[in-house]
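I have placed the structure first, in the form of structure tokens, so that the comments after it can refer back to it.
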Amino acid sequence: MAKKFQSMDGNTAAAHNAYALTEMSCIYPITPSSPMAESMDDWASQGRKNVFGEVVKIAELQSEAGASGAVHGAAQGGTLATTFTASQGLLLMIPNIYKWVGENLPVVLHVAARSLASRSLNIFGDHEDVYAVRQTGIPMLSSHSVQEVMDLAGVAHLAAIKCQVPFVHFFDGFRTSHEVHKVEVFDTEKYKDLIDYEALEEFRKRSMNPHTNPVTRGANENDDIFFQTVEARNEHYAKVADVVADYMKKISEITGRDYKPFNYVGTPDAERVFVVMGSASEAGLEVVNDLVAKGEKVGMIKVHLYRPFSAKYLKAVLPTTVKRIAVLDRTKEGGASGEPLYLDVLGALAGSGIEIIGGRYGLGSHDTQPCHIKAVLDYLKEDEIKTGFTVGIDDDLTHTSLPVDTSYVINSDATSCLFWGLGSDGTVGANKNTIKIIGDNTDQYAQGYFAYDSKKAGGVTRSHLRFGKSPIHSTYYVNNADFISVSLDAYMFRYDVARGLKDGGTFLLNTTFDKDEIVKHMPNRLKKRLAQAHAKFYIINATKIALEIGMGRRTNTILQSAFFALNTQIMPLDTSVDLMKKFAKKSYGKKGDQIVQLNYAAIDAGKDGIVEVPVDPAWAELPSGELRTMTGDPYWDEYAGRINALEGYDMPVSTFAKFALDGSMQPNAAFKGHRATAAMVPDWNPDNCIQCGICSFVCPHATIRTFALTDEEVANAPQEFATVPAIGVKDKKLAFRVQTSPSNCVGCGLCVTECPGKKGEKALKMVPIHDKLDEDALADYLYKDTEYKTDLFPKNTIKGSQFLMPYFEVPGSCPGCGETPYYRLASQLFGKDMMIANATGCSSIYCGATPDTPFVTDKDGNGPAWANSLFEDNAEYGYGMALAQNYRMSTIYKTMEENMDSVAPELKAVFEKYLEAKGDKDAERALAPQIKELAAKEANEDVKALADADLVEKSVWIIGGDGWAYDIGYGGLDHVLANNVNVNVLVLDTEVYSNTGGQSSKSSQRASIAKFAAGGKTVAKKDLGQIAMTYGTAYVASVCMGANKMQTLKAFQEAESYDGPSLIIAYAPCAEHHIKGGLGIHQQVQRDAVDCGYVVLYRYDPRAEQHLTIDSKEPDYSKMKDFMMRETRFNQLVKLKGAEKADELFEEAKEDAARRYHRLVSLAKEDE
């Protein structure tokens, strides 16, 4: 049979094999492992069969702990069960892993290995998580590349069956899980000849069954026998290494690729060897082959079978000539004498006479280049060597880092390409298609790896692509590029975009400037780089082309076509155009022929729209200044600004010890970013403005605001600007202005859409950003140096609330985000007193993307204190914060009460006022200075301590998404709501797991298609609000800002004022909904959602005589289907299931909504 090659990532390769050998898969999403489970769900919904001729049963659970428990139960029931996870998810599975091991159950767990959250969250790859389960005794198998995942994933399943033991199969998160590579696809039909059917039958016979095997399991044992029962497993597990080695031999015979528990690469007489596990071995292979060709006696040992760690198989491949070994660990185990793999090798080779040292590399996917591998081998030449070294960083603090020769590179016949993109602009997707076009349609090998920052959208992306005639093992960034493409011309001012361009390389820039203008606007640094590299320089106005042909802001297909036109050495242009159009039809055919034709037009325009700009050799002599302008703020200049400029790899360890030892971020940073990612921004026409404040009220990013300015503030501005007299201001002469921060605005257009204007003419319109950038200094002045007039209008009105300062600005969320308007509003109302516990998810990323925090402080230094713990424990985390605040305040009250009669009469009077105002933060704030002044004069030490105490109560908020509140964190949330502690819970309800890619949650509506519900969800949405009301002691509200802004405002203020637990469920349209018209119309979507009954507005207040108030009118359910059909998550159900089945689910969804509404009506009547 001819070999089949296909471009895919490591997650897909793992799922391909797992599906074949699995009967049931219990899943839960966590980055970067989620795509494995998504593929399983997709294939099951399509009816794909496993090797047993059955469709795999898929079950989504509420957490990783739940998934591990479910596969445990499935295995006890005699079913071959598989799950997938990473990082904290793996830690949640540890209790069950012990059970799998102890009960000899052949559960297989595929892990995209990832760092663990400690001082910060990092979603990228290292081995912290997998090392954390080594103590369970579960066998562990490591794959080092996408091809190895394809070849070895099945070994874990086969060995699990034969040995009757569970297995962990792991590979590096992102570097392997998300690297797209052309691989030879393993024919899973061959597993039919490799499965040990006798062992499988024995497993099934051992399974629990009241009819055939009525046994009792999970009993307790006492001190007299427990020790013996643990040791009794020894013989059972002793055979694992041999079984794995035998299956690896069989896989090697099938594939022609050599696999052993340990594989050696290098000279047979090597003297210096390093040991490594994971993707770095691919770069290591390049280095070893290069150095061996140069006559060096070096080698590398690749660890495939990590547990059980077999000294026998390690010694079998180790050359007898080896004198020194360096063991590389992708983790740090604080307090230990060395990292885990090092200690294993040290123990296995004890007494061999070989000098063995260990070191660390690549934590959190820190890029490991060939020069870093060479540095390790060079270190082994030194007279004195020691354990504990690091490589790839500059440790100027404890001096562990090895010196690196950065000029060392591996020569390759591959074409290396680097694409700079804007998050969500389609660059990454287009590049994945490019890999498939080349990899699947030529004899060339292809590889792609994608680097992202933490912004949800609008952040910088870098796609690292390679194409060549030889197999590609370069598991590291492209730092020596033949071709560089930049999709946003603003990047040339922010980043060193031409760094690493090869001599004679090609540079393509998407810009709205023409051939002559671009030379005038280009920074000297870019000109100098291009001239020094003797580069070919091309520009294309893909932005203009996209608008002209009706593609909006989507320039990705245009730039993809331009890439092929400039790289005909990879593929003839005619061929590439034909293949691009075939891919466009395949990708967009379901969306209609019009979309397909638009992409065809983009492909044709892209190849024809390229303009060459001559590179003047004299540019090489130009002076080039710094990319960044210093602000005088050390935190920004030395830390945050450098990270934002993508200089993190150049920053030494001491910088982080100075600024971020415990992971804390300083406020007031995000606004300084001025990322200028928008193509269009709003422009204010004062003649059409009614000064309503709606533009500011709906802005997801707090980048358009209303101001009332004194004459002095107007006069002190850095430039002249238009204003109009402020309307409705009594006894004050103030000028009104609506001001956008152009370079911070992301251009969603929501403010323009919602602007009511006058007589049909809006006060806002979108204009090119280049027309408004001259207002940046004005925006900085108005936003940061003028007084927010908080007393002009009532704070419980839209207009009044928008004269309040936002303590939340420029979050790293998607343009038009449906969540952040709620967050911003809460910060305006309560920000100076907010203490926030934020669940892991979208909101934790856009609030905590290092080094930018969107939170700010006021002139008094007050502002939100925000923290993230984990995903599952956020309610308890915030509850603990509230308990701590209660304790601290109680000590203050106690001090005042116990010393009331012994302090000065003036202080006693203030104490009485303070205690009477208990909980009134404004009153406490007003009294605090007087208390501090008088307390400092007292002799009593307890009273005197009040002079330094924080006397203002906090507003504790527990915030997260529906994945947290409805699923993984529901148990904790339920506990908090059942108690009487004063906390405010805000659930940002997008009805999907937005952060991990749009998986279904219990909040997802029936009939919605989502990842993990590929066939459409078949059960109703969980009604969290009505569940919470059953306690009768919690304030509960359902809000939908676009439908009723005043109701939203009122609910927030009522919730915060309630002395007890409150819950606000805020419906938030999301990019994962794929709304027709985009998120720029999300407020209209919210109005329509309430109008048709998809969402019901209400407030349940235990203080009120009428507890439940329904704030929306009786819905018109006949509009619901039309509402749902405007979102891809619903309209694709028709194509997936057919009109008849889809209509059944749509009708059931409508009935669900009607039941929810009528239950609310019934509850409301109970109070009458």
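The values are calculated or read from the model by the stated rules, or taken from the named source; none is laboratory data. If you're wondering where the values come from, they're calculated on a predicted model, not measured in any experiment. Glycine gets a Cβ as well: all are built from the backbone with ideal geometry, and neighbour counts include every protein chain shown.
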**OP:** Assess whether residue 780 counts as being more than 20 Å from residue 1082 (Cβ to Cβ), within 32 Å of the chain's Cα centre (by Cα) and at pLDDT 95 or above.
**Re:** yes
Subject >> Residue ID - surrounded by the most Cβ atoms within 10 Å (Cβ to Cβ), chosen from residues in the range 548-567 that are touching a helix residue (DSSP H, G or I) at 6+ places or on another chain (Cβ under 8 Å) and in a loop (DSSP other than H, G, I, E, B) >> reply: 555
Subject >> Among the candidates 121, 90, residue that is among the aliphatic types (A, V, I, L, M), out of contact with any Pro (no Cβ under 7 Å at 6 or more places or on another chain) and crowded, with 24+ Cβ neighbours inside 10 Å >> reply: 90
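I'd like the full set of residues that are assigned to a loop (DSSP other than H, G, I, E, B) and more than 19 Å from the chain's Cα centre (by Cα), limited to the range 30-54. I'd like the intermediate steps shown before the answer.
Just the residues of the range 30-54 that are assigned to a loop (DSSP other than H, G, I, E, B), to begin with: 30-33, 46-48, 50-54.
Answer for the range 30-54, where residues must be assigned to a loop (DSSP other than H, G, I, E, B) and more than 19 Å from the chain's Cα centre (by Cα): 46, 47, 48, 50, 51, 52, 53, 54.
Every residue in the range 529-547 that is assigned to a helix (DSSP H, G or I), crowded, with 18+ Cβ neighbours inside 10 Å and more than 32 Å from the chain's Cα centre (by Cα), please. Break it down stepwise before answering.
Within the range 529-547, the first condition is being assigned to a helix (DSSP H, G or I), and the residues that meet it are 529-532, 542-547.
Now narrow it down to the ones that are crowded, with 18+ Cβ neighbours inside 10 Å: 529-531, 542-543, 545-546.
The answer is 529, 530, 531.
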Original post:
What number goes with the only condition from (1) under 14 Å from residue 1124 (Cα atoms); (2) outside any helix (DSSP H, G or I); (3) not aliphatic (A, V, I, L, M) that residue 1103 does not pass?
Top reply: (1)
Original post:
Looking at (1) under 28 Å from residue 1079 (Cα atoms); (2) of a type in the set (A, V, I, L, M, F, W, C); (3) over 35 Å from the mean Cα position of the chain (by Cα), can you tell me which one residue 736 breaks?
Top reply: (1)
**OP:** State whether the residues of the range 463-476 include one that is hydrophobic (A, V, I, L, M, F, W, C), surrounded by fewer than 22 Cβ atoms within 10 Å (Cβ to Cβ) and within 20 Å of residue 542 (Cβ to Cβ).
**Re:** no
**OP:** Can you tell me which residue among 65, 75 is over 31 Å from the mean Cα position of the chain (by Cα), aliphatic (A, V, I, L, M) and assigned by TED's automatic domain parsing to the domain that holds residue 168?
**Re:** 75
Subject >> Subset of the range 9-29 (residues that are over 20 Å from residue 192 (Cα atoms) and assigned to a loop (DSSP other than H, G, I, E, B)) >> reply: 28, 29
Original post:
List the pairs whose first member sits in the range 381-405 and is in contact (Cβ under 8 Å) with a residue 60 or more places away in the chain and in the same structural domain as residue 359 (by TED's automatic domain parsing), whose second member is surrounded by 12 or more Cβ atoms within 10 Å (Cβ to Cβ) and among the acidic types (Asp, Glu), and whose Cβ atoms are under 8 Å apart, counting only residues at least 6 apart or on separate chains?
Top reply: 385/355
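Every residue, every condition in (1) within 30 Å of residue 590 (Cα to Cα); (2) crowded, with 18+ Cβ neighbours inside 10 Å; (3) among the polar types (S, T, N, Q); (4) touching a residue at least 24 places away in the same chain (Cβ under 8 Å), yes or no:
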| site | (1), (2), (3), (4) |
| --- | --- |
| 1124 | yes, yes, no, yes |
| 1128 | yes, no, yes, yes |
| 1135 | yes, no, no, yes |
| 1146 | yes, yes, no, yes |
| 1149 | yes, yes, no, yes |
| 1153 | yes, yes, no, yes |
| 1160 | no, yes, no, yes |
| 1163 | no, no, no, yes |
| 1168 | no, no, no, yes |
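Any chance you could count how many residues in the range 239-277 are of a type outside the set (Asp, Glu) and either without any contact (Cβ under 8 Å) to a residue 24 or more places away in the chain or on the phi > 0 side of the Ramachandran plot (or both)? Step through it out loud before you land on a result.
The initial filter retains those residues of the range 239-277 that are of a type outside the set (Asp, Glu), namely 239-241, 243-245, 247-252, 254-257, 259-268, 270, 272-277.
Applying the additional criterion that residues be either without any contact (Cβ under 8 Å) to a residue 24 or more places away in the chain or on the phi > 0 side of the Ramachandran plot (or both) yields 249, 252, 256, 266.
Residues that pass the stated criteria total 4.
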Original post:
Which of the residues belonging to the range 237-267 are under 13 Å from residue 305 (Cβ atoms) and touching a Pro at 6+ places or on another chain (Cβ under 8 Å)?
Top reply: 237, 240, 241, 244, 245, 248
Original post:
Restricting attention to the range 717-742, which residues are in a loop (DSSP other than H, G, I, E, B), in contact (Cβ under 8 Å) with a residue 24 or more places away in the chain and surrounded by fewer than 22 Cβ atoms within 10 Å (Cβ to Cβ)?
Top reply: 717, 718, 719, 721, 722, 723, 726, 727, 728, 729, 732, 734
**OP:** Grab the strands (runs of 3 or more DSSP E) fully contained in the range 70-168, keeping just those with 3 or more residues being over 23 Å from residue 245 (Cα atoms).
**Re:** 81-85
Original post:
Using beta carbons and a limit of 8 Å, which pairs, at least six apart or on different chains, have the first residue in the range 594-614 and more than 26 Å from residue 505 (Cβ to Cβ) and the second one basic (Lys, Arg)?
Top reply: 596/585; 599/581; 600/581
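Suppose we filter 1015, 1025, 1032 for residues that are at positive phi and either touching a helix residue (DSSP H, G or I) at 6+ places or on another chain (Cβ under 8 Å) or among the small types (Gly, Ala, Ser) (or both); which single one remains?
Numbers: 1015 fails: at positive phi; 1025 fails: at positive phi.
Unique residue meeting the criteria: 1032.
For the range 389-477, give me every one of the strands (runs of 3 or more DSSP E) that falls completely inside it and has 1 or more residues that are polar (S, T, N, Q) and more than 27 Å from residue 561 (Cα to Cα). Full working, then the answer.
Values: elements: 389-391, 415-422, 445-452, 460-468.
Correct list: 389-391.
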Subject >> Every residue from the range 1043-1060 that is in contact with a strand residue (DSSP E or B) (Cβ under 7 Å, 6 or more places away or on another chain) and either over 30 Å from residue 880 (Cα atoms) or not small (Gly, Ala, Ser) (or both) >> reply: 1047, 1048, 1052, 1054, 1056, 1058
Original post:
Are any of the residues in the range 1107-1118 touching a residue at least 40 places away in the same chain (Cβ under 8 Å), assigned to a helix (DSSP H, G or I), more than 30 Å from residue 1053 (Cα to Cα) and not polar (S, T, N, Q)?
Top reply: no
Original post:
Among (1) surrounded by 23 or more Cβ atoms within 10 Å (Cβ to Cβ); (2) among the aliphatic types (A, V, I, L, M); (3) touching a strand residue (DSSP E or B) at 6+ places or on another chain (Cβ under 9 Å), which single condition is residue 981 missing?
Top reply: (1)
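If you go through the range 922-930 one residue at a time, do you hit one that is touching a residue at least 40 places away in the same chain (Cβ under 8 Å) and either surrounded by fewer than 19 Cβ atoms within 10 Å (Cβ to Cβ) or in a loop (DSSP other than H, G, I, E, B) (or both)? Give the derivation first.
In the first step, residues of the range 922-930 are kept if they are touching a residue at least 40 places away in the same chain (Cβ under 8 Å); the result is none.
No, there is no match, as no residue in the range 922-930 is touching a residue at least 40 places away in the same chain (Cβ under 8 Å) and either surrounded by fewer than 19 Cβ atoms within 10 Å (Cβ to Cβ) or in a loop (DSSP other than H, G, I, E, B) (or both).
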Subject >> Unmet criterion (only one of (1) in contact (Cβ under 8 Å) with a residue 12 or more places away in the chain; (2) surrounded by fewer than 22 Cβ atoms within 10 Å (Cβ to Cβ)) for residue 908 >> reply: (1)
Original post:
Of the residues that make up the range 851-863, is at least one more than 28 Å from residue 1051 (Cα to Cα), touching a residue at least 40 places away in the same chain (Cβ under 8 Å) and outside the structural domain of residue 64 (by TED's automatic domain parsing)?
Top reply: yes
Subject >> Residue in the range 648-690 that is surrounded by the most Cβ atoms within 10 Å (Cβ to Cβ), counting only those that are farther than 28 Å from residue 399 by Cβ and among the polar types (S, T, N, Q) >> reply: 677
Subject >> Subset of the range 82-98 [aromatic (Phe, Trp, Tyr) and under 24 Å from the mean Cα position of the chain (by Cα)] >> reply: 84
